[in-house]
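None of the figures in this text is laboratory data; all of them are computed from the coordinates on show. This structure is a prediction, so every number in the text was calculated from the model and none was measured. Cβ placement follows ideal geometry from the backbone for every residue including glycine, while neighbour counts extend to all protein chains displayed.
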Amino acid sequence: MAKLSEKKRDSMKESTFGLPEQRKYPMPDESHARNAKARASQQVKKGNLTKAQERKIDRKADAILKD
């Protein structure tokens with residue numbers, strides 16, 4: 001996965017994030033989309049994310065991965 005610098009992350013549109021209201025799970029490319037799905041799954045298991053939030057992230061990532 002490519003590194004995402006703080007400067008680039010800060011300049012990204014909110015629509016690029018899996019959870020735009022929190023600016024979490026950035027998905028500027030397929031690599032980051034796959035990573036976001038994996039991290040979301042881990043966080044649900046830990047109790048830090050709801051299933052609804054995971055589904056939102058997965059839908060966003062799936063749209064990127066299908067392109």
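Say the cut-off is 25 Å between C-alpha atoms; which of Lys7/Lys66; Lys13/Lys60; Lys13/Lys45; Lys24/Lys66; Lys8/Lys45 go over it?
Flagged as over cut-off: Lys7/Lys66; Lys13/Lys45; Lys8/Lys45.
Count the net charge of all other residues whose Cβ sits under 15 Å from the Cβ of Lys56, scoring Lys and Arg as +1 and Asp and Glu as -1.
Spelling it out: positives minus negatives among the neighbours equals +3.
In deg cm²/dmol and to the nearest 500, what is the mean residue ellipticity at 222 nm of the chain if only DSSP H runs of at least 4 residues count, each as -39500 (n - 2.57), divided by the residue total?
-18500 deg cm²/dmol
Just to confirm a number: summing +1 for Lys and Arg and -1 for Asp and Glu over residues other than Lys45 whose beta-carbon lies under 14 angstrom from that of Lys45, what do you get?
Residues near Lys45 contribute +3 overall.
Which of the aspartates and glutamates could a cross-linker span from Lys37 if the Cα-Cα distance has to be under 13 Å and same-chain partners fewer than 8 positions apart are dropped?
Asp29, Glu54, Asp58, Asp62
Nearest 10 degrees is fine. How inclined is helix 30-46 to the longest principal axis of the chain, computing both from alpha carbons?
It is inclined by approximately 30 degrees.
If one takes the longest principal axis of the Cα atoms in the chain, at what angle in degrees, from 0 to 90 and to the nearest 10, does the Cα axis of helix 51-66 lie?
Rounded to the nearest ten degrees, it is 40.
Net charge around Thr16, counting only other residues with Cβ within less than 12 Å of its Cβ (Lys, Arg = +1; Asp, Glu = -1)?
+3
Normalised by the number of residues in the chain, what is the relative contact order in percent for Cα pairs under 8 Å and 6+ residues apart?
It comes to 30 percent, rounded to a whole number.
In nanometres, what is the gap between the two model label sites at Arg34 and Met12, each 7 Å from Cα along Cα-to-Cβ?
With each label point 7 Å from Cα toward Cβ, the separation is 1.7 nm.
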